[in-house]
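The values are calculated or read from the model by the stated rules, or taken from the named source; none is laboratory data. Worth saying up front: this structure is predicted, and the values here are computed from it rather than measured. No Cβ is skipped: glycine too gets one built from the backbone with ideal geometry, and neighbour counts run over all protein chains shown.
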Amino acid sequence: MSASGRGRVGMVRTVLLALGLLLTLGAAAQAAIGELVVLKGEVSLVRGRTKARVMEKFELEDGDRVVTAKGAKALIRLSGEMQGTEAIITEATDFQVNALLNARKASPIDLIFGAIRSRVVKYADPKPFMNTPAAVIGIKGTDFITYVKKPKATEFIGVEGLIRGTSRTNADHNIDIGKRQWGEIKEGVAPLPPIHVPDELWEPAMIEFAFPTPEELEAAERRVR
């Protein structure tokens, strides 16, 4: 089969997967809690036992899991009580979104692996904003990056405002991280004070986790219509 033929087959399979996801879930659809916009690369959505590649703007529901491939980047915009909160998801990241009103879920975002930059509005719910395998992240400010590179450690960079990271196994192990500071929570180890992020690390992080301009976002949304 020619390269163009294989390409057409791959595209058909992708469309059928997405259609299958919609048909499978349509009858029991929940209220959307946000939306995902693929900025580049391959992004997959897992809902229940169904998995499909997302190639367009897609509504997120309670419990949806999102996985980004190498080279991918996506934008998440939450709604409802979290209206105005948005996040940039980079490559090789695995996370779940949760509804605030779901008593079984501990936070709006569970970051399993990878990296997310979050700009969070203030909200009344007492739940923390994010859980990782090693830490719980409470919000005192608005803008921060979270990294999970291994199961028993979570790293943070503060962009604006102030966050508090607390160990999931020892509430006394916590750290407050302000603007342009780096800190880490390691399971079983008292955290060290945060350190200043130097230019050679700060500038690449701000490029990697940059939110799209209105023009870039419009182009991404136009591409998938």
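Laid out as a table, the results:
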item	result
Check on ALA99, modelled with pLDDT under 95, over 25 Å from PRO214 (Cβ atoms) and out of contact with any Gly (no Cβ under 6 Å at 6 or more places or on another chain)	yes
Among the residues listed as VAL54, VAL37, the single one being touching a helix residue (DSSP H, G or I) at 6+ places or on another chain (Cβ under 8 Å) and farther than 22 Å from VAL120 by Cβ	VAL54
Residues of segment 178-225 satisfying the condition of being assigned to a helix (DSSP H, G or I), basic (Lys, Arg) and surrounded by 11 or more Cβ atoms within 10 Å (Cβ to Cβ)	ARG223
Contacts under 8 angstrom Cβ, first residue in segment 203-218 being within 18 Å of GLU160 (Cβ to Cβ), partner hydroxyl-bearing (Ser, Thr, Tyr) and surrounded by 11 or more Cβ atoms within 10 Å (Cβ to Cβ), 6 or more apart	GLU208/THR90; PHE209/THR90
Qualifying residue in segment 46-54 (condition: of a type in the set (A, V, I, L, M) and modelled with pLDDT of 95 or more)	yes
So LEU39, is it under 21 Å from GLU218 (Cα atoms) and either out of contact with any Ser or Thr (no Cβ under 7 Å at 6 or more places or on another chain) or at pLDDT below 55 (or both)	yes
Any hit, segment 90-104, residues being under 12 Å from the mean Cα position of the chain (by Cα), among the aromatic types (Phe, Trp, Tyr), in a strand (DSSP E or B) and surrounded by fewer than 21 Cβ atoms within 10 Å (Cβ to Cβ)	no
